[in-house]
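What follows is a single structure, written as structure tokens, with notes after it.
The values are calculated or read from the model by the stated rules, or taken from the named source; none is laboratory data. Quick caveat, the model's predicted, so the values are computed rather than measured. Neighbour counts are summed over all protein chains in view; Cβ atoms, including those assigned to glycine, are modelled from backbone coordinates with ideal geometry.
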Amino acid sequence: MSSTDSAELALNNSSGPPSGQRSWLHRNRIKLAPWLFLLPGLIFFFIYVIAPIFQSIWISFYEWDGLSDKEWVGFANYVELMDDDRFYTSLVNNVWWLLLYMLAVPAGLGIALFLNQTVTGIRLYKSLFFFPFVISQVVVGLIFSWFYNPDFGIVGIVWEFFGATPPAILADEDLVTFGIIFAGLWPQIAYCMILYLTGLNNVSPDQVEAGRLDNAKGWKMLWYVILPQLKPATFIAVVVTVIGALRSFDLIAIMTQGGPYGSSNVLAYYMFETALSEYGFRMGYGSAIATVLFLIMLVYISFFLWRMYQDERG
């Protein structure tokens, strides 16, 4: 036997049994590897996200105070929602949150375009605009509560400077929701700005240069060259902003606790107030409110995912 034949025999022996005799696990190890890494996260996601969603939906068909035995009431909690004025007030406020919160997306884009340049001191400007994102929503609520104070807040000082009586924004049923939304926009704009700054770093300079050769400037450059490359960042910004608007809770709890007279309530806070606060302990009714909020959020997110899928196919 020649040395070449011996080498081939040794190579065949070292490569293990033929592919037909290998185990299923050995043949599919490359396909299974990603799932093994994802498995711990998927388990926790199912335990702490998926399972509680279905548990909440199930509880919504009961009358339950959280301690005693559950009493099956079917759709009675949902029927009661249809005649609940506070539920409709919370729903309308959520619509206002959803509409006005979307201003964070174009505002974040505009600030990102301003900051995406190399000039002296640009890092300082980026830090100032980034600051609202890193502070807690509780702190944001306290800061704007002081701003809106008619006695010593900035709003009161500005009104008095022009000789007008400062409004008590957080005590006015017609203004309170818009005041809280404005406070929430401050950190949300910063978040969208960060997403767009990241997207602008991935914009192809070749396409920008090609656009300049075609005499694309200003709005044309932004609309036809920059924005199409920012679609992933825009999708994430819109989805996160929609979710943030629908699950708004922290600012309301800090600034008004749903007042005055429930006029600033949203579905998330009304759910808490009904199920867990000193006013309620109606777990079934609170779960019904949570289910309605979940369905609204599911419709919006499904729509955006479908649009993204259509864009990817196109």
Within the range 167-183, is even one residue free of Cβ contacts under 8 Å to residues at least 60 places away in the same chain, farther than 29 Å from Val242 by Cβ and not in a helix (DSSP H, G or I)? yes
Selection within the range 250-291 - touching a strand residue (DSSP E or B) at 6+ places or on another chain (Cβ under 9 Å) and among the hydrophobic types (A, V, I, L, M, F, W, C): Met283
The range 209-271: helices (runs of 4 or more DSSP H) wholly inside it with 1 or more residues that are under 15 Å from Thr89 (Cα atoms) are 231-246, 250-255
Only one of these conditions is not met by Tyr300: (1) among the aromatic types (Phe, Trp, Tyr); (2) farther than 27 Å from Ile189 by Cα; (3) modelled with pLDDT under 90. Which number is it? (2)
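Which count do you get for residues in the range 70-114 that are of a type in the set (Gly, Ala, Ser), surrounded by fewer than 19 Cβ atoms within 10 Å (Cβ to Cβ) and under 28 Å from Val203 (Cα atoms)?
2
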Scan Val176, Val158 and give me the residue that is modelled with pLDDT of 85 or more and in contact with a Ser or Thr (Cβ under 6 Å, 6 or more places away or on another chain). Val176
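Each row is one residue, and each column tells you yes or no for (1) surrounded by 21 or more Cβ atoms within 10 Å (Cβ to Cβ); (2) under 15 Å from Trp97 (Cα atoms).
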residue: Gly184; (1), (2): yes, yes
residue: Gln188; (1), (2): yes, yes
residue: Asp206; (1), (2): no, no
residue: Glu209; (1), (2): no, no
residue: Lys231; (1), (2): no, no
residue: Gly244; (1), (2): no, yes
residue: Asp250; (1), (2): no, yes
residue: Thr274; (1), (2): yes, no
Among the helices (runs of 4 or more DSSP H) contained in the range 10-107, which hold 2 or more residues that are at pLDDT 90 or above and not basic (Lys, Arg)? 29-45, 51-59, 76-81, 85-101
Filter the range 129-147 down to the residues that are in contact with a Pro (Cβ under 8 Å, 6 or more places away or on another chain) and touching a residue at least 60 places away in the same chain (Cβ under 8 Å) and list them by number. Phe133, Gln137, Val140
